[in-house]
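Trainee: Pasting in a structure now, in structure tokens, and then I'll have a few things to ask.
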Amino acid sequence: MLEMRGITKRFPGVLANHRVDFTVNAGEVHTLLGENGAGKSTLMKILYGLYQADEGEIFLSGERVEIHSPTDAIAHNIGMIHQHFMLVETLTVAENVALGLPSNRGLRTDLDAVSERIEELAGRYGLAIDPGAVVWQLAVGQRQRVEIIKALYRDAQLLILDEPTAVLTPQEVDQLFVTLRQMTDDGRGLIFISHKLHEVLALSDRITVLRQGTITGQVPVEGATRESLALMMVGRQVKLAPDKPPVEIGEVALEIRGLSVMGDRGDKAVRGLNLEVHAGEILGIAGVSGNGQREMAQAIAGLRQATAGSIRIGGVETTNHTPADVRKNGLAYVTEGRLRDGAIADFSVSENILLIDHTDKRYLKRGLLDFKAIKEHSLRLVDEYAVKTPTIDTPAKNLSGGNIQKMILAREMSGTPTVLVASQPTRGVDIGAAEYIHKRLVQQRAENTAIMMISEDLDEVFALSDRIAVIYEGQIIGIVDRQTATREQIGLMMAGVRPE
Ligand SMILES: Nc1ncnc2c1ncn2[C@@H]1O[C@H](COP(=O)(O)OP(=O)(O)OP(=O)(O)O)[C@@H](O)[C@H]1O
Ligand SMILES: [Mg+2]
């Protein structure tokens, strides 16, 4: 179906793709694997017409094509599910799907037809979605379904999926894979990008590894293992779970009593939730997304109103205080929606790192910002967290997805907060970076920070937690000690079955 030949792409200070050859056959899943910043998204954006290659050619079914824009790509039946969603927040699902489609009747009647077709596709591929819902109200997992439906609606034969599973629950991932397999059975070709090796092994037919813009290996899935792929990707052995020395559990650092919080749709997202996190422990919050995790975390951070109950950080009442005030009381917060509310796209890496620290005495000199200290601090964090960027003055939007995330983690985890709330801390980062982030979380635990880690990745929950709390419909339905917890038990609670 597809042959990309000798693709080279340069950005200022970066060789993002270097003479890359890449092919996809009809009916196969070809996976692109590589560290953050390796050039995967860039190659796919070239294929989708978002970037122009400096050198190289693209052939579709043996014919040379020029793809200057996504419109060209769509005309060639290429679809793309982006790493960062491209939906218009203020429009409905149906309006987003209809956007850019030729219309020969009135918009209103068109929308009815569009909604009907959406429901048809949704039913066929198990992508439950309400065509009338407004996008800003949708959770990330639902937004992605809209993106997939949008591509299916345009009859994409070649579908690019740039980290589609990063935002999905394990159950949703299983469902997605069934959908994707249906697509390849129809003879469609898929390009898959993921940092989760077990997914890569489960879905791929072929795997190509990119390293610093260059292809360094290609293997069929048969015979590949997580370890062999990790080695190909990073060039060294990677620890898939961190060493966790025992620490003494301290007093309660985060105390939540009877917390209620509204969701975006005016629903009760959190309903009288009680929870305590102790200094020196990692409390893992397991749960299917959309059960109040996001609203709870935002309420703790002062980013969303609590309608009832109280939150105390280090013994101090912080309920409905401003985010800045909550932060001053010792909270650090790693958000789940990185580019949306974790970073400012047009600000430089250095400015993003300084965002929360601009009143910090360390960076002030006679009341003015001390640029030398700021620079040193930024450089140190960029180095420690291996944020791949040409310079610290590069705007955040030019970084690869995983590197934006590492930048936010560097900022939030650089101090020693009393309480750290980390939502999906390793979502979208490569395995080398995940290893480092896990190590840092364990270090912060040793420094007595109380850590609440919200994660849909059960491997991660089990690898890091001291206790595991399961959230269901806005309440903690059970808490178990990591030592005695089993996956079956946690899985049942995630489905709403209360423990004995
Ligand atoms: N618009 C841009 N301007 C400047 N540099 C860019 C731009 N887009 C990407 N880059 C750079 O090109 C390199 C490759 O980035 P790319 O987004 O392709 O990585 P990736 O493999 O998709 O990584 P990740 O796993 O983190 O998503 C990175 O060094 C990135 O900073
Ligand atoms: Mg990418």
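The values are calculated or read from the model by the stated rules, or taken from the named source; none is laboratory data. Just so we're clear, the structure is a prediction, and the values are computed from it rather than from any experiment. Here the Cβ positions follow ideal geometry from the backbone for every residue, glycine too, while neighbour counts run over all protein chains shown.
Trainee: Given the criteria assigned to a helix (DSSP H, G or I), in contact with a Leu (Cβ under 8 Å, 6 or more places away or on another chain) and within 16 Å of ligand 2 (Cβ to nearest atom), does residue 165 qualify?
Mentor: On the way: assigned to a helix (DSSP H, G or I): yes; in contact with a Leu (Cβ under 8 Å, 6 or more places away or on another chain): yes; within 16 Å of ligand 2 (Cβ to nearest atom): yes.
In short, yes.
Trainee: Could you tell me whether region 40-56 includes any residue that is within 16 Å of ligand 2 (Cβ to nearest atom), under 18 Å from residue 188 (Cα atoms) and among the hydroxyl-bearing types (Ser, Thr, Tyr)? First the steps, then the outcome.
Mentor: Residues of region 40-56 within 16 Å of ligand 2 (Cβ to nearest atom): 40-48, 50-51.
If we keep only those that are under 18 Å from residue 188 (Cα atoms) too, we end up with 44, 47-48.
Imposing the further condition that a residue be among the hydroxyl-bearing types (Ser, Thr, Tyr) reduces the set to 48.
Checked region 40-56: at least one residue is within 16 Å of ligand 2 (Cβ to nearest atom), under 18 Å from residue 188 (Cα atoms) and among the hydroxyl-bearing types (Ser, Thr, Tyr).
Trainee: Would you mind stating whether residue 212 is under 30 Å from residue 282 (Cα atoms) and either of a type in the set (S, T, N, Q) or in contact with a Cys (Cβ under 6 Å, 6 or more places away or on another chain) (or both)? If you could, list the steps in order and put the result at the bottom.
Mentor: On the way: under 30 Å from residue 282 (Cα atoms): no; either of a type in the set (S, T, N, Q) or in contact with a Cys (Cβ under 6 Å, 6 or more places away or on another chain) (or both): yes.
Against the criterion (under 30 Å from residue 282 (Cα atoms) and either of a type in the set (S, T, N, Q) or in contact with a Cys (Cβ under 6 Å, 6 or more places away or on another chain) (or both)), residue 212 does not qualify.
Trainee: Considering only region 212-244, state which residues are within 16 Å of ligand 1 (Cβ to nearest atom) and either assigned to a loop (DSSP other than H, G, I, E, B) or in contact with a helix residue (DSSP H, G or I) (Cβ under 8 Å, 6 or more places away or on another chain) (or both).
Mentor: Those that are within 16 Å of ligand 1 (Cβ to nearest atom) and either assigned to a loop (DSSP other than H, G, I, E, B) or in contact with a helix residue (DSSP H, G or I) (Cβ under 8 Å, 6 or more places away or on another chain) (or both): 212, 213, 216, 217, 229, 230, 233, 234, 235, 238.
Trainee: Which of the residues spanning region 443-460 are aliphatic (A, V, I, L, M), buried (at least 24 other Cβ atoms within 10 Å of the Cβ) and closer than 10 Å to residue 286 by Cβ?
Mentor: If the condition is that a residue be aliphatic (A, V, I, L, M), buried (at least 24 other Cβ atoms within 10 Å of the Cβ) and closer than 10 Å to residue 286 by Cβ, then 453, 454 are the ones that fit.
Trainee: Got a number for residues in region 375-401 being aromatic (Phe, Trp, Tyr) and either within 16 Å of ligand 2 (Cβ to nearest atom) or in contact with a Cys (Cβ under 7 Å, 6 or more places away or on another chain) (or both)?
Mentor: 0
Residue by residue, here is whether (1) within 16 Å of the chain's Cα centre (by Cα); (2) assigned to a helix (DSSP H, G or I); (3) within 16 Å of ligand 1 (Cβ to nearest atom) holds:
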position	(1), (2), (3)
380	no, yes, no
391	no, no, yes
397	yes, yes, yes
408	yes, yes, yes
429	yes, no, yes
434	yes, yes, yes
440	no, yes, no
443	no, yes, no
452	no, no, no
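Trainee: Still on this structure: Kindly indicate which of 31, 23 is touching a Phe, Trp or Tyr at 6+ places or on another chain (Cβ under 6 Å) and either in a strand (DSSP E or B) or of a type outside the set (Gly, Ala, Ser) (or both).
Mentor: Being touching a Phe, Trp or Tyr at 6+ places or on another chain (Cβ under 6 Å) and either in a strand (DSSP E or B) or of a type outside the set (Gly, Ala, Ser) (or both) holds for just one of 31, 23, which is 31.
Trainee: Sticking with this structure for a sec: Would a scan of region 287-295 turn up a residue that is in a loop (DSSP other than H, G, I, E, B), without any contact (Cβ under 8 Å) to a residue 40 or more places away in the chain and not aromatic (Phe, Trp, Tyr)?
Mentor: no
Trainee: Do we have any residue at all in region 44-60 that's surrounded by fewer than 21 Cβ atoms within 10 Å (Cβ to Cβ), more than 16 Å from ligand 1 (Cβ to nearest atom), in a loop (DSSP other than H, G, I, E, B) and in the same structural domain as residue 208 (by TED's automatic domain parsing)?
Mentor: Looking for residues that are surrounded by fewer than 21 Cβ atoms within 10 Å (Cβ to Cβ), more than 16 Å from ligand 1 (Cβ to nearest atom), in a loop (DSSP other than H, G, I, E, B) and in the same structural domain as residue 208 (by TED's automatic domain parsing), one finds none in region 44-60, hence no.
Trainee: For region 79-96, how many residues are at pLDDT below 90, surrounded by 15 or more Cβ atoms within 10 Å (Cβ to Cβ) and either more than 16 Å from ligand 2 (Cβ to nearest atom) or over 26 Å from residue 194 (Cα atoms) (or both)?
Mentor: Result for region 79-96: 1.
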